[in-house]
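Data first, discussion second: the structure below is written as structure tokens.
The values are calculated or read from the model by the stated rules, or taken from the named source; none is laboratory data. Please read all numbers here as calculations on a predicted model, not as lab measurements. Because the Cβ atoms are built from the backbone with ideal geometry, glycine has one as well, and the counts that use them run over all protein chains shown.
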Ligand SMILES: [Zn+2]
């Protein structure tokens, strides 16, 4: 044996999973999802010169059988019916919440969620094979077995975890940084001690669950106060999230970097800059041999696109530029953001990826979340 025979660490480039279906305008203003999301991230990555053709994968639609690995067959039938008829009988809507609570029935209300699941299953397969995955269209963390919830018609994350299990990946950690509690994923695996679910979310915000941890069931919740800043997120990462994930020794780690916890997103009162989310991804990815990053919430297209494109840069090991190239700035300038109206765009929304950092004091309720 010589040193030459020693195995070499090779950096496997991450796969970017998307779908052209996300370009379909299915939501109309004032619905918060009436904006480009996953494919805007793809386009921004391409404009940055970060997306080699061989790294991009188009998700296929999941079959009914694949969807029913988590969802009830009756519920999937209702989704099909909603897309076909553009409506549901009131009793079915009341039971499934499809068409209610902002879960609007649109022209692709079956196909689009089914393709998100297809992306999640593709992600699981690649991840099991050792390929890091970035799938910003995946991330319907509120979806229930037989109900739509919080704009989520399916739970693509739960289905990815179930598929990972089928592929022999036993211990899985899920870290949810979206401003809202990851209730759907937590509930799906609450009785499975080999799936750790961890959620950082704004205290008191919808769905108002996630107030407590349950370590015996590998459930961890960090309900953080409004105004949550970069320093507080870094503290939680170092003193709570990292030790918990490290001790769990996951074979795979799934990260949901919801962009609605950013200060520029008015959907929550959390005040993170994208630097904090990027620091989280950099740190977390070192804690498991297999890592996938999904998407989640995020309702300011400028904030979402820049934060999430930066994540893909980090997964590739690229330096993040101080100033965006012309093509990237042009892409952002062309965006329509209904909720912002005609007001002038802040410079950092179009000129750079990086938000101004938002450091701040560590408040007692955050300090108390340190794990011993
Ligand atoms: Zn959210």
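Answer yes or no: is there a residue in region 236-259 that is more than 19 Å from residue 138 (Cβ to Cβ), within 16 Å of the ligand (Cβ to nearest atom), part of a loop (DSSP other than H, G, I, E, B) and under 17 Å from the mean Cα position of the chain (by Cα).
No: zero hits.
Restricting attention to region 148-167, which residues are part of a helix (DSSP H, G or I) and buried (at least 22 other Cβ atoms within 10 Å of the Cβ)?
Within region 148-167, 156, 157, 158, 159, 160, 161, 163, 164 meet the criteria.
For region 132-147, enumerate the residues that are in a loop (DSSP other than H, G, I, E, B), away from the ligand (no atom under 16 Å from the Cβ) and crowded, with 24+ Cβ neighbours inside 10 Å.
Residue satisfying the conditions is 135 alone.
When the residues of region 260-298 are filtered to those that are within 15 Å of the ligand (Cβ to nearest atom) and assigned to a helix (DSSP H, G or I), which remaining residue is surrounded by the most Cβ atoms within 10 Å (Cβ to Cβ)?
Selected residue: 261.
Could you go through region 221-228 and let me know if any residue there is away from the ligand (no atom under 16 Å from the Cβ) and closer than 17 Å to residue 371 by Cβ.
No.
Being in contact (Cβ under 8 Å) with a residue 12 or more places away in the chain, within 26 Å of residue 95 (Cα to Cα) and out of contact with any strand residue (DSSP E or B) (no Cβ under 8 Å at 6 or more places or on another chain), is that true of even one residue in region 161-173?
Yes; the residues of region 161-173 include at least one that is in contact (Cβ under 8 Å) with a residue 12 or more places away in the chain, within 26 Å of residue 95 (Cα to Cα) and out of contact with any strand residue (DSSP E or B) (no Cβ under 8 Å at 6 or more places or on another chain).
Return the total of residues in region 172-203 being within 16 Å of the ligand (Cβ to nearest atom) and part of a loop (DSSP other than H, G, I, E, B).
Counting residues in region 172-203 that are within 16 Å of the ligand (Cβ to nearest atom) and part of a loop (DSSP other than H, G, I, E, B) gives 7.
Every residue in region 217-231 that is over 16 Å from residue 205 (Cβ atoms) and buried (at least 20 other Cβ atoms within 10 Å of the Cβ), please.
Hits for region 217-231 are 218, 219, 220, 229, 230.
It is to be established whether one or more residues within region 106-120 are surrounded by 19 or more Cβ atoms within 10 Å (Cβ to Cβ), in contact with a strand residue (DSSP E or B) (Cβ under 6 Å, 6 or more places away or on another chain), under 23 Å from residue 13 (Cβ atoms) and at pLDDT 95 or above.
yes
For region 308-372, which helices (runs of 4 or more DSSP H) that fit wholly inside it have 1 or more residues that are within 26 Å of residue 226 (Cα to Cα)?
Correct list: 348-351, 364-367.
Just the residues that are touching a helix residue (DSSP H, G or I) at 6+ places or on another chain (Cβ under 6 Å), away from the ligand (no atom under 16 Å from the Cβ) and either within 24 Å of residue 105 (Cβ to Cβ) or assigned to a loop (DSSP other than H, G, I, E, B) (or both), please, taken from region 116-131.
Scanning region 116-131 gives 117, 120.
Tell me which of these residue 100 doesn't satisfy, since it passes every other one: (1) within 28 Å of residue 267 (Cα to Cα); (2) in a helix (DSSP H, G or I); (3) without any contact (Cβ under 8 Å) to a residue 60 or more places away in the chain.
With respect to (1) within 28 Å of residue 267 (Cα to Cα); (2) in a helix (DSSP H, G or I); (3) without any contact (Cβ under 8 Å) to a residue 60 or more places away in the chain, residue 100 is out only on (2).
For region 168-195, which residues satisfy the criterion of being surrounded by fewer than 24 Cβ atoms within 10 Å (Cβ to Cβ) and under 16 Å from residue 250 (Cα atoms)?
168, 169, 170, 171, 189, 192, 193, 194
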